[in-house]
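Report on one structure; see the data block that follows.
The values are calculated or read from the model by the stated rules, or taken from the named source; none is laboratory data. Note that the structure is a prediction, hence the values are computed from the model and not measured. Here the Cβ positions follow ideal geometry from the backbone for every residue, glycine too, while neighbour counts run over all protein chains shown. Only protein heavy atoms, including side chains, enter the accessible area calculation; ligands, DNA and RNA are left aside. Shrake-Rupley method; radii C 1.70, N 1.55, O 1.52, S 1.80 Å.
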Amino acid sequence: MPSSNIPTEVTNSLKGVFTNINTDRLTEVLVAVVLCFIGFLIARFISNTFIRTIGVRFNAHQKLVWRRGIFYFIFLLFVMASLKEAGFKLSVFLGAAGILTVALGFASQTSASNLISGLFLIGEGSFEVGDTIQITLIRGHTIEGEVISIDLLSVKLLTQDNIYVRLPNEQLIRAPVQNLSKFPIRRIPITLAINFHEDIIKVREVLLDVANKYPLVLADPKPAVTVTAFRESSIELLFAVWCQQENYLKVRDEMQERIRNGFVDNQIEIPVPKMGFVDHPLSRPLENEEIDQYANEKALKREPDLK
């Protein structure tokens, strides 16, 4: 078969390079190395120039993809020219590369799936480098972190605990992904519970006053207080405020403290578990008539044995 002769031709080509070493061959190899080096510089210069000019309107992720694509394409052309200059038969190498590609395709189906998923992620542009995303995996585990790299096989995240996480692109295609930093402002929902005897109108006024006095809370969209449910021993409220994306963690933390202070100043109670003591008869000695006579009988009457 023709394909079976390809490894033999590659071997003969390599033997021809190393067995017929002479001045001309050394000159060709030297020219090929210089050509590769020049190609590396040219590819790097063109890719960087493209990003500085045409790519200024791209986001960080698109700049990274375009820079790598242009660089590797130009550099690959120079490498092929260098191999031809050194006396290698490109048709032989291309045939061997085709067979190797087919074999690797069957052996690495997971990598191929991640590669195709990576192309979809790059084309869709749901998130980019620098965004904070949250993904819920199949088993219910939630991962949240800042995107530091988007590659063809995986996406790299850096969590708030400074942990490096690598997520295969296939999981990002299958699972829902929340982009927490897509827009400049963000909503902070705070769930509260108050006693049944509290005045809901008064509680709403106190909460809105707390939000209006905090400068990091946005006036538009306006803060809102809604009654969400009636629990066994409380009324559940949802207090929602808006803030700038960069102030999210600070506002979420300080609003909890300001709400607590506002409730204390206005004597608004939050239901808490309480424990009390009841005067039960067991707290005094039991009388004889209160004792279970059957359980405390000294001797039980037994039926006479049947003879």
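Structure values in brief
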quantity: In range of the label at ASN195: residues from the range 220-242 whose backbone nitrogen is under 14 Å from the point 7 Å along Cα→Cβ; calculated: 233-235
quantity: Accessible surface, the range 125-179, averaged per residue in Å² (probe 1.4 Å); calculated: 57
quantity: By average C-beta atoms within 10 angstrom, highest first, the peptides 232-245, 208-221; calculated: 232-245, 208-221
quantity: The range 125-179: relative contact order in percent, alpha carbon pairs under 8 Å with at least 6 residues between; calculated: 34
quantity: Volume in Å³ per residue [convex hull over Cα atoms, computed for the range 185-266]; calculated: 85
quantity: The range 125-179, accessible surface, carbon-and-sulfur percent (1.4 angstrom probe); calculated: 49
quantity: Distant-in-sequence amide H partners of ALA175 (H built 1.01 Å from N, under 5 Å); calculated: none
quantity: Within the accessible area of the range 185-266 (1.4 Å probe), percent carbon and sulfur; calculated: 49
quantity: Accessible area (Å², per residue) of the range 185-266, counting only protein heavy atoms and a probe of 1.4 Å; calculated: 59
quantity: Sequence-distant residues sharing a close amide H with LEU216 (under 5 Å, placed H); calculated: none
quantity: Which listed pairs, of LYS156/LYS182; LYS63/LYS84; LYS182/LYS222; LYS213/LYS250, have C-alpha distances above 26 Å, in listed order; calculated: LYS63/LYS84
